[in-house]
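Some notes on the structure that comes next.
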There are 2 protein chains.
Amino acid sequence: MAKQAIATIRKKEIVDTFYEVAQVEGIENTSFAKIAQRLEIQPSLIVHYFKNRDELILSLIEYNLEQYKKIFTIAHSDDHSHREYLIMVLDKLFSLEWNDLFDDGVYYSCFTLIFRHPVIKQKFKELHLELRGHLENLISNCVAEKSLQVENPSVVANHISNLMDGTYYFVSMLDDSLAQKEYLEESKALAKKLIGFYS
Amino acid sequence: MAKQAIATIRKKEIVDTFYEVAQVEGIENTSFAKIAQRLEIQPSLIVHYFKNRDELILSLIEYNLEQYKKIFTIAHSDDHSHREYLIMVLDKLFSLEWNDLFDDGVYYSCFTLIFRHPVIKQKFKELHLELRGHLENLISNCVAEKSLQVENPSVVANHISNLMDGTYYFVSMLDDSLAQKEYLEESKALAKKLIGFYS
DNA sequence: ATAACGATTGTATGGACGTTCAATTTTTTG
DNA sequence: CAAAAAATTGAACGTCCATACAATCGTTAT
């Protein structure tokens with residue numbers, strides 16, 4: 001195997017394993033030693049690739065944010081109108097599909113780092129602004145298509161995003177996934193109402 | 001001073017100092033030694049009062065949740081109608097006054113513990129359900145008073161709460177407090193709209 | 001007044017941590 | 001095939017940590 005490939009794979013392996021361990025133990029309790037043990041390598045090899053712990057955490061965060069972003073990606077086939085597409089996106093946004101993409105515990109743990117690390121804060125901010133901009137565009141498309149009447153797409157995109165973020169925050173405190181779904185449905189209904197779509 | 005009083009004061013001192021250090025260093029980097037140093041006592045004295053780290057963290061969380069709860073407490077004088085009171089509460093909920101009550105960084109750090117500690121999860125859940133119930137009551141009072149027309153106070157209380165939680169989550173990524181205020185205002189406007197109050 | 005008790009100190013321990021560095025193995029390059 | 005470079009090992013270091021424990025000091029109760 002080419003060396004370049006080895007380096008890339010190893011780095012990915014290490015970040016993945018960091019993620020796995022962090023899911024169970026929490027980021028703050030995930031050490032080089034634990035990651036190395038699970039990978040059956042020496043801790044010093046991790047240092048070889050990541051130099052120090054901060055760099056490793058930053059990689060974890062970048063991985064996390066990439067995953068987060070994926071929730072928005074639905075193939076936009078020409079079969080659908082912008083309106084239909086927007087509805088599909090909303091259905092996905094207020095579903096439990098996030099769980100397949102990332103672990104809430106790890107995600108929120110990374111998030112808390114924004115309060116002490118300006119660079120991380122910036123990354124999170126950019127991601128969220130991007131997603132909100134994306135949602136705004138979808139709404140604007142519908143307005144242009146005249147399939148939707150929304151006065152201020154930007155504001156509505158913010159409202160829906162806030163609603164969504166707050167709903168996930170809340171349902172993460174619930175153990176019953178049925179109850180989670182109901183709360184998500186309730187919020188989704190409001191989201192649709194906000195764009196003037198009554199289901 | 002009575003021994004009982006000393007014990008109570010010391011415990012409070014320790015939790016307060018934990019909080020202070022955690023604000024700057026993060027919970028995960030706040031050790032017995034650091035707390036002790038700031039208080040000019042021996043680390044072992046902390047152990048004397050808290051037995052182990054988990055117990056200390058639990059106390060921190062309880063302190064945090066008490067503070068959180070305070071945002072809802074506004075004296076309800078008889079001078080105000082339920083409707084006026086509700087508006088006052090909403091104004092407060094969507095203000096930056098939370099910052100005076102607790103540190104967002106510490107709060108979210110505590111929150112992330114819900115994903116690995118069922119007891120903590122339960123505490124957070126109860127708090128939020130209580131606050132949502134409280135808000136629902138305020139709305140119901142207005143409906144009874146006939147100063148508001150809301151079909152389902154419970155659902156609307158959830159919507160407003162989700163909106164609020166999501167808005168704070170989002171504005172914590174912003175550095176500019178003016179921008180924070182604008183986003184909060186935007187969300188507050190929707191909250192008022194949701195109860196049929198147009199300002 | 002003295003015995004008991006809680007508050008506090010001081011010291012010690014063992015373990016985990018991040019990181020370093022030199023040595024060794026494996027792969028690539030010329 | 002030899003030399004260079006990268007991957008990996010293994011051992012070691014100093015630091016900090018949570019916690020244990022025995023000793024002391026001060027207060028309270030009898």
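Computed from the coordinates by the stated procedures, all read-outs in this text should not be read as laboratory data. Computed from a predicted structure; not experimentally measured. Quick reminder, even Gly has a Cβ in these numbers, built from the backbone with ideal geometry, and neighbours come from all protein chains shown.
Here region B:143-171 is scanned for amide nitrogen atoms under 20 Å from the site 7 Å beyond the Cα of A:Val155 along Cα-to-Cβ, giving B:159-168, B:170-171. Normalised by 2.2 N^0.38 Å, where N counts its residues, the alpha-carbon radius of gyration of the protein assembly as shown equals 1.09.
Does anyone have the angle between helix B:177-194 and the longest principal axis of chain B? Alpha-carbon axes, 0 to 90°, nearest 10? In chain B, helix B:177-194 runs at an angle near 50 degrees to the longest axis.
Between A:His117, A:His134, A:His159, the GNM of chain A built on Cα springs shorter than 10 angstrom shows A:His117 fluctuating the most. For region A:132-199, run through the trypsin sites (Lys or Arg not before Pro) and keep only the ones in DSSP coil with at most 14 other Cβ atoms within 10 Å of their Cβ. Counting only loop positions with at most 14 other Cβ atoms within 10 Å, the trypsin sites (Lys or Arg not before Pro) in region A:132-199 are A:Lys146.
Qualifying GluC sites (Glu not before Pro) in region A:1-61, where qualification requires a DSSP coil assignment and no more than 10 other C-beta atoms within 10 Å, comprise A:Glu40. Pairs from the list B:Lys12/B:Lys188; A:Lys125/B:Lys193; A:Lys11/A:Lys34 with a Cα-Cα gap above 25 Å: B:Lys12/B:Lys188; A:Lys125/B:Lys193. Measuring max minus min along each principal axis, the C-alpha atoms of region A:3-51 give extents of 32, 18, 17 Å (largest first). Distance from the alpha carbon centroid of region B:127-199 to that of region A:18-53 works out to 42 angstrom.
Sequence-distant contacts, meaning Cα pairs under 8 Å at least 6 residues apart, place the relative contact order of chain B at 18 percent.
Tell me, what is the FRET efficiency for B:Asp175 and B:Val119 to the nearest 0.05, using R0 = 45 angstrom and their Cβ-Cβ distance as r?
0.80
Distance between the pseudo-spin-label points of B:Glu185 and B:Glu40 (7 Å out from Cα toward the beta carbon): 4.7 nm. At full extension, B:Asn137 and B:Asp54 could sit 26.3 nm farther apart than now, given 0.36 nm per residue minus the alpha carbon distance.
When you filter the trypsin sites (Lys or Arg not before Pro) in region A:1-65 for DSSP loop state and at most 15 other Cβ atoms inside 10 Å of their Cβ, you are left with A:Lys51.
For B:Tyr49, the distances from its label point to the matching points in the remaining copies are 4.5 nm, ordered from shortest, with each point set 7 Å beyond Cα toward Cβ. Over the residues of chain A, the helix contribution to mean residue ellipticity at 222 nm works out to -24000 deg cm²/dmol, using -39500 (n - 2.57) for each DSSP H run of at least 4.
Other residues lying with their Cβ under 12 Å from the Cβ of B:Asn158 contribute a combined charge of -4, Lys and Arg counting +1, Asp and Glu -1. Using only alpha carbons, region A:74-194 has a radius of gyration to Kirkwood radius ratio (Rg to Rh) of 0.99.
Between A:Ser31 and A:Gln4, the modelled label-to-label distance comes to 3.7 nm, taking each label 7 Å out from Cα in the direction of the beta carbon. Averaged over the residues of A:106-117, the number of partner chain Cβ atoms lying within 10 Å of the residue Cβ comes to 6.
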